[in-house]
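Just below is one structure, and these are the notes that go with it.
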Amino acid sequence: MPPGAGMSRTTPPRPLDVTALFPRLAPLARTATRLHPRAGSPSRHDSSVGGPLMWPAGEPWPQCDEPHTQDQVEAGFSLEEERADRGIPARGESRSQHDADAYEAGERAVDDLGDAELPWAGGPIAMLPVAQLYTRDVPLLRPPGQSEADLLQVLWCPFDHPDHPRTALFWRSAATVTDPLDTPPEPPAVEFPGYLPQPCLLSPEEVVEHPHFMELSKELQEELADWGRWQSAGAMVDSSYSVAPEDFYTNKLSVSPGWKVGGWSRWGLTDPVPRICSVCGAEMDPLLTIATTEWNAGTKSWAPEGDQARDPLPPGIPPANYTRVDLARGYGLQLHVCPVSADHPHLELIQ
């Protein structure tokens with residue numbers, strides 16, 4: 001296991017108690033679970049990013065049945081080559097000989113296609129595991145209408161539909177999976193290397209969040225934009241934000257960056273948009289944020305204590321891009337769900 005994988009991580013305390021300065025923020029506080037994914041070797045029994053899933057052998061593997069063109073598939077990147085470049089063991093290396101033989105047979109079948117038209121083009125494509133979360137690790141997970149479910153599984157098609165991967169969510173009870181699938185099917189390629197998540201172990205940590213500045217009422221926005229209100233906190237407030245104190249709030253006191261469950265939505269690429277269930281009209285809740293980086297220059301104060309010294313990344317990899325996921329050139333994919341029923345469609349937002 002690489003250094004740092006599976007280790008406990010702690011977000012540094014926020015520079016100040018923002019609710020003491022702005023009491024009307026207090027009732028808006030929410031708890032989020034930062035996942036802190038770091039490269040490792042997860043098993044199907046672990047909560048993970050990009051790891052194997054606890055998937056029933058008798059249940060069909062999820063496929064994307066939206067259109068995929070021949071050119072799109074042929075221009076994609078090989079999973080095997082990308083894994084080799086990252087030093088990820090190929091599927092089968094750590095499995096039984098039976099599983100390895102089955103995998104090699106599948107590889108030979110792909111090689112035998114030669115220059116023939118790929119059977120996947122224009123047809124269904126096997127989805128890739130993105131995240132598996134057990135409620136024992138992330139107690140905030142609450143499957144709508146499925147109190148017995150204790151496991152969330154997130155997969156995606158590694159091709160743009162139209163400008164990011166299409167996701168699929170599955171809730172289940174882990175105890176009912178008595179015959180797990182050993183060698184799930186895989187897509188023939190990924191559109192970009194950043195659509196193949198690095199296998200990561202998690203170190204879940206609960207933090208308190210407040211709404212993004214753009215989701216606050218006009219009155220609260222005016223209060224937060226008043227530098228005089230912030231000056232009463234003294235040295236705890238970075239004076240470089242005096243021209244735009246609302247940025248101090250946004251970067252350091254509101255929404256945590258990186259992969260997380262729950263909490264508040266992050267905005268910036270667009271203004272806030274309604275998140276309403278298309279079936280029942282209920283207001284949807286943030287479920288999972290799939291992030292390109294764990295923090296950036298503006299949100300560096302959220303980096304877990306000692307993380308930069310503890311977790312060096314290979315040359316050429318952006319800082320804090322531990323999962324190797326890259327969405328829309330550095331943004332994140334936020335999944336929202338209906339609180340009424342897990343059967344209602346979820347919502348995807350790039351922000």
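The values are calculated or read from the model by the stated rules, or taken from the named source; none is laboratory data. Here the structure is a predicted model, which means the values were calculated and not measured. Heads up, the Cβs are rebuilt from the backbone with ideal geometry, glycines too, and the neighbour counts pull from every protein chain shown. When the accessible area is computed, the model is the full protein with side chains, heavy atoms only, and any ligands, DNA or RNA have been set aside. Shrake-Rupley method; radii C 1.70, N 1.55, O 1.52, S 1.80 Å.
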Given (1) farther than 24 Å from Leu151 by Cα; (2) open to solvent by 10 Å² or more (accessible area, probe 1.4 Å), number of the condition Pro304 does not satisfy: (2)
Subset of the range 212-224 [open to solvent by less than 30 Å² (accessible area, probe 1.4 Å) and either of a type in the set (D, E, K, R) or in a loop (DSSP other than H, G, I, E, B) (or both)]: His212, Leu216
Residue in the range 187-209 that is of a type in the set (Asp, Glu) and under 14 Å from Ser47 (Cα atoms) present: yes
Test: residue in the range 255-278 that is farther than 21 Å from His210 by Cα, open to solvent by 10 Å² or more (accessible area, probe 1.4 Å) and in contact with a Pro (Cβ under 7 Å, 6 or more places away or on another chain): yes
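Here's the yes/no breakdown for (1) touching a Ser or Thr at 6+ places or on another chain (Cβ under 9 Å); (2) surrounded by fewer than 20 Cβ atoms within 10 Å (Cβ to Cβ); (3) not basic (Lys, Arg):
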site	(1), (2), (3)
Phe192	no, yes, yes
Leu201	yes, no, yes
His210	yes, no, yes
Asp226	no, yes, yes
Gln231	yes, yes, yes
Ser239	no, yes, yes
Given (1) touching a Pro at 6+ places or on another chain (Cβ under 8 Å); (2) at pLDDT 95 or above; (3) of a type in the set (Val, Ile, Thr), number of the condition Thr289 does not satisfy: (1)
Output for the range 307-349, where each listed residue is within 20 Å of the chain's Cα centre (by Cα), of a type outside the set (D, E, K, R), under 22 Å from Gln153 (Cα atoms) and open to solvent by 30 Å² or more (accessible area, probe 1.4 Å): Tyr331, Pro339, Ala342, Pro345, His346, Leu347
Cβ-Cβ under 8 Å pairs, at least 6 apart or on other chains, the range 57-74 side over 27 Å from Ala174 (Cα atoms), far side charged (D, E, K, R) and modelled with pLDDT under 90: Gln70/Glu117
Matching residues, the range 31-89, being of a type in the set (Gly, Ala, Ser), open to solvent by 50 Å² or more (accessible area, probe 1.4 Å) and outside any helix (DSSP H, G or I): Ser41, Gly58, Ala75, Gly87
Qualifying residue in the range 189-210 (condition: acidic (Asp, Glu), in a loop (DSSP other than H, G, I, E, B), closer than 22 Å to Trp61 by Cα and over 19 Å from the mean Cα position of the chain (by Cα)): no
Boolean, Arg166 is out of contact with any helix residue (DSSP H, G or I) (no Cβ under 9 Å at 6 or more places or on another chain), open to solvent by 60 Å² or more (accessible area, probe 1.4 Å), at pLDDT 95 or above and basic (Lys, Arg): yes
